[in-house]
Every structure is written in structure tokens, then in C-alpha cells.
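Okay, structure first, notes after.
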Amino acid sequence: MAERRAAPPPRAHVHARLGTTWIAAHSAHVEYRVLSAHLPQWRPAGVIDTVRLAKATYPDLPKYGLDALIKHVKPDLSQAPAQRHRATFDAYATAQLLIAMAKHYDRWDQIVAAAVPPGLPGTPEPEQEPTLW
């Protein structure tokens, strides 16, 4: 009979599945802090904050909450799971907003510069002046 392997602990499983992916969230510093508390060894490649990206993409909006952006951008949410204020719906809506806003940029580095909060993974490194050493 084949030996059964024990399932990895949930934290290890989640860590393995996430790998070094980028994450995106509305007010991403909050989500990153929660994920970091539960997965202290995990570090994503970067963190995209759709609030920061919205402020750069639509600088004249009076508000940047999820509802205000949904109203302004009008993403197709007909396939969104659950309903507003449920995690799956809000994550789906955030993803649709990210896709819509990304169309305003020509390159990934432009999105990163606008959307990654200072101090979080993915923050662009300041350009260094070339030196002899």
C-alpha cells in the first residue's frame, strides 16, 4: 500500500500557492498588513493599491472609495460573486477596476510607479547615479 503524505499545514499551503506573486487590493496597505501577520515569511513581488492608482488615473474625482470608483468607471460586474461588501464581490470589483485603470498606461513600470505604496514590496528603486565604484 502506498504511503499517504500528510497535507501541508494551511499556512504552508497558502504560502506555496502565493509564491512571489503580485497582489492588488483597494487600500492595499491594510490587506498587506493582514496577510503579513498571518504569513510572516511570505513576501509578494509587489503590492498594487487601487486607491493610489485611481488617484493617479482620475485625479479630479471627489472620492476614491470602491463605490465611487464603481460608479465612475462602470466596470462589468454582472459575473461578480455574492454582493457588494462581501469579500469575493469586492475583490472581483477591485480586479475589474485595476484592469480598466491599467488601460490608461502604456507600460507596467508606469502602473507600479503610480500604484505601489512607499515602503511596500514592489516600490520602484530610486535611480542611482553611475559611479566608478
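Shape class for the stretch 1-123, computed from the alpha carbon gyration tensor (a ≥ b ≥ c): prolate, with a/c not under 1.5 and a/b above b/c.
Positive contributions from Lys and Arg (+1) and negative ones from Asp and Glu (-1), summed over other residues with Cβ under 15 Å from the Cβ of residue 34, come out at 0. Model label points for residue 11 and residue 37, set 7 angstrom from Cα along the Cα-to-Cβ axis, are 1.4 nm apart.
Here the chain has 56 percent of its accessible surface on carbon and sulfur atoms, given a 1.4 Å probe and all protein chains in place. Charging the Cβ of each Asp and Glu at -1 and of each Lys and Arg at +1, and nothing else, the dipole of the stretch 12-133 about its Cα centre rounds to 500 debye. Spacing of the modelled spin labels on residue 68 and residue 113, each 7 Å from Cα toward Cβ, amounts to 2.5 nm.
Here the spin labels are modelled as points 7 Å beyond Cα on the Cα-Cβ line, and at residue 103 and residue 60 they lie 2.0 nm apart. The shape of the stretch 44-91 comes out oblate: with a ≥ b ≥ c from the C-alpha gyration tensor, a/c is at least 1.5 while a/b does not beat b/c.
I need the shape label for the stretch 70-118. Rule: rounded when a/c is under 1.5, else prolate if a/b > b/c, else oblate, with a, b, c from the alpha carbon gyration tensor. Here the stretch 70-118 falls in the prolate category. Longest stretch of the chain clear of exposed loop sites (trypsin sites (Lys or Arg not before Pro), DSSP loop, at most 15 other Cβ atoms within 10 Å, sites excluded): 6-62.
The values are calculated or read from the model by the stated rules, or taken from the named source; none is laboratory data. Being a predicted model, the structure only gives us computed values, none of them experimental. Using ideal geometry, Cβ is built from the backbone for each residue, glycine included, and neighbour counts are taken over all protein chains shown. When the accessible area is computed, the model is the full protein with side chains, heavy atoms only, and any ligands, DNA or RNA have been set aside. Shrake-Rupley method; radii C 1.70, N 1.55, O 1.52, S 1.80 Å.
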